[in-house]
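Nothing in this text is a laboratory measurement; each read-out follows from the coordinates by a stated rule. None of these values were measured; they are calculated from a predicted model. Counting neighbours? That spans all protein chains shown, and the Cβs are built from the backbone with ideal geometry, glycine included.
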Amino acid sequence: MDHADPKMVSFKIYTMRSKITMLAVVYPLALLGITLSAFQQPAKPWVVPEKFSKVANPSKSDQKSFKEGKELFVKHCQSCHGKTGMGDGSKAAQLKSEPGNFSLASFQKQTDGTLYYKISEGRDDMPSFKKKIEEADEMWELINYIRTLKK
C-alpha cells in the first residue's frame, strides 16, 4: 500500500486553500477596483469667459499679501487642497472630482483672472466663494498666496 507523506498532504491542502482564498478575495477586489476606475470621469475642461481670464491682479505680491492669503487658504481651501495645495486635504477623498494640484506648472500657468473666476464662481465640488470671501482684495491676496505653492 502506498501511504502519502502527511507533511506533503498538509502542504497540498495549504496550497489549495491559498488558491481558493486568492480566487474568493483578491480577484473580486481587483475586479471591483478596475470597475470603479472605469466609471471615473476625466476632468472636464473648466471654461472661463475671456473677459475674466484677462483681468489683472491689482494686489501687490508681497509678504503682507502672502500672509493674508495664507490665512484665507487655511480657512477656506486647505481642507480639500491640502497644506501645500497638492489636492491632498482631509476632505479630498470625499470629493467626486479631483481638487487639483496647485503646485503643477499646468495649474500655475493659468492667469490670475482665471483663478479669481474659478474661486468666485465654483463648479461641481468646488463651492463658490463670492459670498464667503466678499472683499475683492482678499480674493486677490488668496491668489497671490496660491502662486507661492508652485514646485
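Percent of alpha carbon pairs in the range 98-151 separated by more than 15 Å?
The proportion of pairs with Cα distances above 15 Å equals 47 percent.
How would you rank 132-141, 101-110, 87-96, 68-77, highest first, on the average number of other Cβ atoms within 10 Å across their residues?
So the peptides 132-141, 101-110, 87-96, 68-77, ranked by packing, come out 68-77, 132-141, 101-110, 87-96.
Return the sequence-ordered ³J(HN,Hα) values of the range 78-88 in whole Hz as given by the Karplus equation 6.51 cos²θ - 1.76 cosθ + 1.60 applied to θ = phi - 60°, using x for Gly and Pro.
Ordered by residue, 3J(HN,Hα) equals 4, 4, 9, 8, x, 4, 10, x, 8, x, 10 Hz.
May I ask you to evaluate 6.51 cos²θ - 1.76 cosθ + 1.60, the Karplus curve with θ = phi - 60°, for each residue of the range 50-61 and list the ³J(HN,Hα) values in order in whole Hz, giving x for glycine and proline?
Here the 3J(HN,Hα) series is 4, 4, 7, 5, 8, 6, 8, 6, x, 7, 5, 7 Hz.
Can you compute 3J(HN,Hα) from phi for each residue in the range 113-121, using the Karplus curve 6.51 cos²θ - 1.76 cosθ + 1.60 with θ = phi - 60°, rounded to whole Hz and x for Gly and Pro?
x, 5, 5, 4, 4, 5, 5, 5, 8
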